[in-house]
Amino acid sequence: MIHRLLFALLLATAFAQPLHAAPPQKPNILFMFADDWGRYASIIAEIEKHPSLNQVIKTPNIDRVAREGAFFTRAFVNSPSCTPCRSALMSGRYFFNCDRAAILNGAIWDSNIPSFPLTLQAESNYRLGKSYKVWSPGDPADAPIGGQKYGYEKAGRDPNNFSESVTKLVAEGKAVEAARESILDQVRGNFDAFMADDKPGQPWLYFFGPTTTHRTWIKGSGKKLWGIEPDALKGKLPPFLPDVPEVREDIADYLGEAQAYDAYVGVLLAKLEATGQAERTVVIVSGDHGMPGVPRGKCNLYDHGTAVSLAIRCPGTKPGRVIDDFVNMMDMAPTIMELGGATIPAGVNGRSLVPLLISDQSGQIDPTRDWVITGRERHVAGAREGNLPYPHRALRTADYLYIRNFEPTRWPLGSPGGVSLTGPETPPTAELEDSTYAAFSDMDASPTKAWLIEHRSESQWQPLFDLAFGKRPAEELYDLKKDPNEMVNLAADPAYAKQRAKLATQLLGELKQVGDPRVTTNPVKFELPPFTDAGQKGKGKGKGKAKE
């Protein structure tokens, strides 16, 4: 209650209400959430000051939100897979407490689980709007925001496929700059349509969810459309990625899509200012998990898969802060509910960030926010025989990452498929680059995936292939001070036995407390129907950014 009263005072100051005026209007909320956009923003290079991809990418608009608000250095998704991640985000519950929404293919939203958009609408009279992906794949699509009835997409959906759309326009004769601007016009047009429906005095929530950073994209587009030189990435790739031309180009193209997302952010910020609503709008920028189609990224519980950017600009709060408290993205649901004056419902596992937002401090603010739990069950339905999942959970602290793999005999990223582990047989390059289902189908198809598979028998690259696709022991432990890239598993090292046991006890204890079926009454819940007999329509080439 104290926090809420303080925040109300801050909002009242920000809105400059005259004496004896009506209570201040609840803040508008602009939530920008990109598909498969991990921890990539140029402001991170300023904060961390070590060689990384963030020294190459340029994101002035995202950086602006961070500088005018707060940047959270330890933000993690609950699950590095689109649908379960977004289920946790929208509900504030751990993904495994979202029932059929805990998986990807075959997901079904339980309408009895409150979501923050519909709660704001029901309790605080918020007007809702969305463009592009909110919650999918799953049935009904985008259910946590009311499905498609609040959609604003008539201006166009090309922003979901930036490099493909711009490349097509260039081939038709447009200059690159003109082609880029035509895509931004669609972002602008959709938001304009939403803002045109504005009603005086009624707060709004607009969810902007482009999928352009989801595979696939056009080879060479990072350089051609954004001037990102692949060779500028030399020495900046994490060591589990081969630092070779093919991979550098692939990553440069991904960074180009991230810069497109940044351009979209700029368009929406400009509209807020043009309409005079910037000073009463909470702006949130983030993404649903790490990089797709690369080792240790999407579908993995390593930082490359679970760590994301998070910047929040909030009226009346101190700008320019860098916050080191651990944030689980399911914390966004209670945060937004509290910002909008709604009651946080029973069953929410997340914790509101409002106390951090109203603080004037940087660094570690709340000493109890010193860990997060992440996990995954099933991504692609047919990744393993029998549609079985790869159940694992992780505990991330400031110094350690501990992972518990519950079924270590299974392939973590799916069965090898057409890849022989004892001979040279390999699917064609084009198939590995374009069809997620050709091999190891819990990793998206990509040039990086194809290159690593094709070079798996070479002594220099075999260890990286094994790290990416090989079976994993029941326990993994990484000392982040000595091994920030999480390359050396210390779980069997006697010197770390006490630390491993301590983290294991903490992880399992927390999971039991919040009712994770894997460690409570039904450990095989996600291995039985209806979880393993659904989602077959997801089979195919794996193309189409909104599908996964």
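The values are calculated or read from the model by the stated rules, or taken from the named source; none is laboratory data. Note that the coordinates shown come from a computational prediction; the quantities given were computed from them, not determined experimentally. Methodologically, a virtual Cβ is constructed for each residue, glycine included, from the backbone with ideal geometry; neighbour enumeration extends over all protein chains shown. With ligands, DNA and RNA removed, areas are computed over all heavy atoms of the protein, side chains included. Shrake-Rupley method; radii C 1.70, N 1.55, O 1.52, S 1.80 Å.
Hey, what angle do you get for helix 497-513 against the long axis of the chain, alpha-carbon based, 0 to 90 degrees rounded to 10?
Taking the Cα atoms of the chain, the angle to 497-513 is about 50 degrees.
Place the peptides 524-530, 474-480 in order of packing, highest mean first, counting for every residue the other Cβ atoms within 10 Å and averaging per peptide. Numbers along the way, then the final one.
Values: 524-530: 13.7, 474-480: 18.9.
Going by the mean number of other Cβ atoms within 10 Å, highest first, we get 474-480, 524-530.
Check the straight Cα-Cα distances from K271 and name the aspartates and glutamates below 19 Å, setting aside those fewer than 8 residues away within the same chain.
Output for K271: D63, E68, E153, E181, D185, D192, D197, D198, D262, E279.
Order the peptides 495-507, 294-306 from the highest to the lowest mean number of other Cβ atoms within 10 Å of their residues.
294-306, 495-507
If you average the C-alpha positions of the stretch 352-415 and of the stretch 130-206 separately, how far apart do those two centres end up, in angstrom?
The two parts, judged by their Cα centres, are 30 Å apart.
Between helix 176-196 and the chain, what is the angle of the helix's C-alpha long axis to the longest principal axis, kept within 0 to 90° and rounded to the nearest 10?
50
Set Lys and Arg Cβ to +1 and Asp and Glu Cβ to -1, take the dipole of the stretch 143-267 about its Cα centre, and tell me which of A260, F207, W217 lies farthest positive.
F207
Based on the mean of other beta carbon atoms within 10 Å per residue, what is the order of 158-171, 61-74, most packed first?
Top of the packing list down: 61-74, 158-171.
Rolling a 1.4 angstrom probe over the protein heavy atoms, how many square angstrom per residue are accessible across the stretch 304-455? It would help to have the intermediate numbers written out before the result.
On the way: 4380 Å² over 152 residues.
Result: 29 Å² per residue.
Given +1 on the Cβ of Lys and Arg, -1 on the Cβ of Asp and Glu, and no further charges, what dipole in debye does the chain carry about its Cα centre, rounded to the nearest 20? Mind showing how you got there, number by number?
Details: 63 positive and 65 negative charges, 161 e Å.
Magnitude of the dipole: close to 780 debye.
Using the alpha-carbon atoms, what tilt in degrees (0 to 90, nearest 10) does helix 162-171 show relative to the longest principal axis of the chain?
90
Where a Cα-Cα gap under 12 Å defines reach, which aspartates and glutamates qualify for K481, not counting those fewer than 8 residues away within the same chain?
Result set, ordered by chain and number: D399.
Round to a whole number: what % of the accessible area of the chain belongs to carbon and sulfur, probe 1.4 Å?
Numbers: 10710 of 19960 Å².
The nonpolar share, carbon plus sulfur, comes to 54 percent.
The stretch 64-112 to the stretch 494-531: how many Å between their Cα centroids?
19
Using the C-alpha atoms of the stretch 419-490, what convex hull volume per residue, in cubic angstrom, is computed?
108
Have a look at T167, A178, F191 and report the one farthest towards the positive end of the charge dipole of the stretch 146-192, computed about the Cα centre with Cβ charges (Lys/Arg +1, Asp/Glu -1).
After comparing all options, I get F191.
What 222 nm value per residue comes from the helices of the chain, counting each DSSP H run with n ≥ 4 as -39,500 (n - 2.57) and dividing by all residues, nearest 500 deg cm²/dmol?
Counting only the DSSP helices, I get -9500 deg cm²/dmol.
As a quick test, which of the pairs K174/K449; K149/K219; K58/K219; K219/K449; K223/K482; K219/K471 have an alpha carbon distance above 24 angstrom in this structure?
K174/K449; K149/K219; K223/K482; K219/K471
Under unit Cβ charges (Lys, Arg +1; Asp, Glu -1), what dipole magnitude, rounded to 20 debye, does the stretch 415-454 have relative to its Cα centre?
For this selection, approximately 100 debye.
With unit charges on the beta carbon (Lys/Arg positive, Asp/Glu negative), name the residue among L508, P292, S446 whose Cα is farthest towards the positive pole of the charge dipole of the chain.
L508
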